[in-house]
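For reference, the structure is listed below as structure tokens.
Values quoted throughout were computed directly from the atomic coordinates according to the rules given, and no laboratory measurement underlies them. This one's a predicted model, so the numbers in the text were calculated from it and none came from an experiment. Ideal geometry is used to build each Cβ from the backbone, glycine not excepted, and the neighbour counts take in all protein chains shown.
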Amino acid sequence: MFTIGLLASGKGSNIQAIIEYIKTEGLSIKPGVVLTDNPSSGALEIAKREGIEHHCIPEKKYKTILSQKTEKEYVRVLKEYKVDLVCLAGFMRVIKEELLGSFTGRTINIHPSLLPAFPGLEAWKQALNYGVKFTGCTTHFVEADIDSGPIILQAVVPVLKDDTPETLHKRIQEKEHIIYPLTIKLIAEGKLSISGRKVYITS
Ligand code: GAR
């Protein structure tokens, strides 16, 4: 069974969408463990409800990164659950060598913009303020630089005249809930190949 580890800091809607997709499609993918740095993350409730192993591993020292010690703990737990793929789903801390070195080419992320546009925080607000007509979301392999790494799938979302940050983010999330589960399925079924920065879907 292909086992995924899911890391989130926020409400966990992507985790919910991934779990639903695995169930409805009957995929041979096991959500092995849900990890969060935030004791009030919705991801913990979702994991409890779905009967998935879950742990909160907080980081007291830093706000946006993990100390080496804490990152080591994430790696230890991910290995304990024999995770094949690490899926960052709104995990709001920069991942560094400790984890990336242990899961090289096996860590993916979802970002709420059409990368390389608008990396970083609240990408939907950045898009709205910039005045772009289209934005969207991107799944990508994680590399050391923030929101970089080979792009796997993207979905486009038009920016509407009356959009607020909330309405735009909501429509982006509807697309996230489609492309993230699909990305995981493609990887689990061995249907992706990478050449440099380019990711190809093989049939
Ligand atoms: C998602 O929109 C995701 O793209 C974003 O956090 C949100 C988490 O939502 N991630 C980033 O901004 C990472 N740079 P969720 O908790 O409902 O899945």
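Applying the selection to the stretch 133-147, what residues are more than 10 Å from the ligand (Cβ to nearest atom), of a type outside the set (Asp, Glu) and surrounded by fewer than 16 Cβ atoms within 10 Å (Cβ to Cβ)? I'd like the intermediate steps shown before the answer.
Step one: filter the stretch 133-147 for residues more than 10 Å from the ligand (Cβ to nearest atom), giving 133-136, 140-145.
Restricting the remaining residues to those that are of a type outside the set (Asp, Glu) gives 133-136, 140-142, 144.
Answer for the stretch 133-147, where residues must be more than 10 Å from the ligand (Cβ to nearest atom), of a type outside the set (Asp, Glu) and surrounded by fewer than 16 Cβ atoms within 10 Å (Cβ to Cβ): LYS133, PHE134, ALA144.
Checking VAL75, VAL34 one by one, the residue that is surrounded by 14 or more Cβ atoms within 10 Å (Cβ to Cβ) and within 15 Å of the ligand (Cβ to nearest atom) is VAL34 and no other.
Annotation note: of GLU122, GLU97, the sole residue that is within 11 Å of the ligand (Cβ to nearest atom), surrounded by fewer than 21 Cβ atoms within 10 Å (Cβ to Cβ) and not aromatic (Phe, Trp, Tyr) is GLU122.
Table: residues versus (1) under 22 Å from ALA117 (Cβ atoms); (2) in contact (Cβ under 8 Å) with a residue 24 or more places away in the chain.
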{"position": "ILE151", "(1), (2)": "yes, yes"}
{"position": "VAL157", "(1), (2)": "yes, no"}
{"position": "PRO165", "(1), (2)": "yes, yes"}
{"position": "HIS169", "(1), (2)": "yes, yes"}
{"position": "HIS177", "(1), (2)": "yes, yes"}
{"position": "TYR180", "(1), (2)": "yes, yes"}
{"position": "LEU186", "(1), (2)": "no, yes"}
{"position": "LEU192", "(1), (2)": "no, yes"}
{"position": "THR202", "(1), (2)": "no, no"}
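Determine which member of the set THR3, THR70, THR64 is within 14 Å of the ligand (Cβ to nearest atom) and under 19 Å from VAL142 (Cα atoms).
Working: THR3 fails: within 14 Å of the ligand (Cβ to nearest atom); THR70 fails: within 14 Å of the ligand (Cβ to nearest atom).
Only one candidate passes the filter, namely THR64.
Scanning the stretch 50-85 for residues that are of a type in the set (A, V, I, L, M, F, W, C) and either touching a His at 6+ places or on another chain (Cβ under 7 Å) or closer than 22 Å to ALA123 by Cα (or both) gives ILE65, LEU66, VAL77.
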